[in-house]
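Read the structure below first, then the notes.
The values are calculated or read from the model by the stated rules, or taken from the named source; none is laboratory data. Predicted model only: the values in this text are computed from it and were never measured. Positions of Cβ are generated from backbone atoms using ideal geometry, with glycine treated the same way; all protein chains shown enter the neighbour counts.
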Amino acid sequence: MRSRLVGILGGVGPMATVYFMEMLLKKTNASKDQEHLDMLVSNHATIPDRTAYILGKSEESPLDVMVADAKMLEAAGCDFIVLPCNTAHYFFEKIQQSIHIPLLNIIQETVSYCERRIPGVKRIGIMATEGTICSNTYGMACETHGLKCVVPESDIQSKVTEIIYHQVKAGKPVSKREFTAVIDALRKKGCDAVVLGCTELSVAFADLNLQPECPDVVDSLTVLAEQTILFAGKELKTPCEN
């Protein structure tokens, strides 16, 4: 089967987009250049802030810009598009309706992954932007799978916001203590799994090498990367090869 051309609707944020591309390369079962994914990337960093708009703190909607970028990728010959930003999925339906090729849904894919891969999962904790929490996109996805979506208390959510905006996006070191404190707080609320529902958190989680000590944490960006590889007609590396 011909490899499908992947369109990456990126820049939201820029570092997460670069990390996502690196993840695609590392997770594809390829022994030479020609066996990797073909990608067209729009790393459009100046897309207006998604959370600010969702929370009513800005009147500048990112939707028109993302729709224009999606149409550009479609016109360039992409077979499908991925959007490596959880918060931006608030606009998922309108973006999908504007194009004629599939747009993979990171939130649906992540919740489906939790249901398939975590035995006995009932409660999923969400670490995400205030925009994602407010829009309840994970809550709606969990409901369709019969799962309970659990969000942090306001003081813990403030720590998540600090990590995303004032550490990762600002290019500053991330506090491992604060990061793991949020995970522990969600565990104490009875969560069977904790989802990294923001791609900036994915970057920090990898930089801090937390996966070995946090096996109950599911990274949405990793899930999207794996589904992108499979949807493009490629094979995943086995765990021992990663």
Practice prompt. Kindly provide the set of residues from the range 14-72 that are closer than 19 Å to Glu226 by Cα and hydroxyl-bearing (Ser, Thr, Tyr), ordered by number.
Written response: Thr17, Tyr19, Thr28, Ser31
Practice prompt. Mind listing whichever residues of the range 1-16 are at pLDDT 95 or above, outside any strand (DSSP E or B) and closer than 17 Å to Ser220 by Cα?
Written response: none
Practice prompt. Select, from Pro102, Pro84, the only residue that is under 18 Å from the mean Cα position of the chain (by Cα) and surrounded by 15 or more Cβ atoms within 10 Å (Cβ to Cβ).
Written response: Pro84
Item to complete: Identify, by number, the condition in (1) of a type outside the set (Asp, Glu); (2) in contact (Cβ under 8 Å) with a residue 40 or more places away in the chain; (3) over 17 Å from Gln227 (Cβ atoms) that His100 doesn't meet.
Response: (2)
Item to complete: Could you check, for the range 115-130, whether at least one of its residues is among the polar types (S, T, N, Q), in a helix (DSSP H, G or I) and touching a residue at least 12 places away in the same chain (Cβ under 8 Å)?
Response: no
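Given the options Thr110, Thr132, name the one that is modelled with pLDDT of 95 or more, more than 17 Å from Thr222 (Cα to Cα) and hydroxyl-bearing (Ser, Thr, Tyr).
On the way: Thr110 fails: more than 17 Å from Thr222 (Cα to Cα).
Criteria check complete, one pass: Thr132.
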Discussion item. Could you check the range 192-242 and list, in sequence order, the residues that are charged (D, E, K, R) and buried (at least 20 other Cβ atoms within 10 Å of the Cβ)?
Written reply: Glu200, Asp219, Lys234
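Quick check on the range 42-59. Is at least one of its residues small (Gly, Ala, Ser) and at positive phi? Write out each step before concluding.
Step one: of the range 42-59, the residues small (Gly, Ala, Ser) are 42, 45, 52, 56, 58.
Remaining after also requiring at positive phi: 56.
Yes, there is a match, as at least one residue in the range 42-59 is small (Gly, Ala, Ser) and at positive phi.
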Worksheet item: Restricting the search to the range 131-184, which residues are over 24 Å from Tyr113 (Cβ atoms) and among the charged types (D, E, K, R)?
Response: Glu153, Asp155, Lys159, Glu162, Lys169, Lys172, Lys176, Arg177, Glu178
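Being crowded, with 18+ Cβ neighbours inside 10 Å, assigned to a helix (DSSP H, G or I) and out of contact with any Asp or Glu (no Cβ under 9 Å at 6 or more places or on another chain) is true for just one of Met140, Met72, Met66. Which residue is that? Show your work before the answer.
Details: Met140 fails: crowded, with 18+ Cβ neighbours inside 10 Å; Met72 fails: crowded, with 18+ Cβ neighbours inside 10 Å.
Answer to the selection: Met66.
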Worksheet item: Among all residue pairs at least 6 apart or on different chains, which show Cβ distances below 8 Å where the first residue, located in the range 70-85, is closer than 21 Å to Thr199 by Cα and the second is at pLDDT 95 or above and acidic (Asp, Glu)?
Response: Ile81/Glu74
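Considering Tyr90, Tyr113, which residue is touching a Gly at 6+ places or on another chain (Cβ under 8 Å) and either small (Gly, Ala, Ser) or surrounded by 15 or more Cβ atoms within 10 Å (Cβ to Cβ) (or both)?
Working: Tyr113 fails: touching a Gly at 6+ places or on another chain (Cβ under 8 Å).
Every option except Tyr90 fails the conditions.
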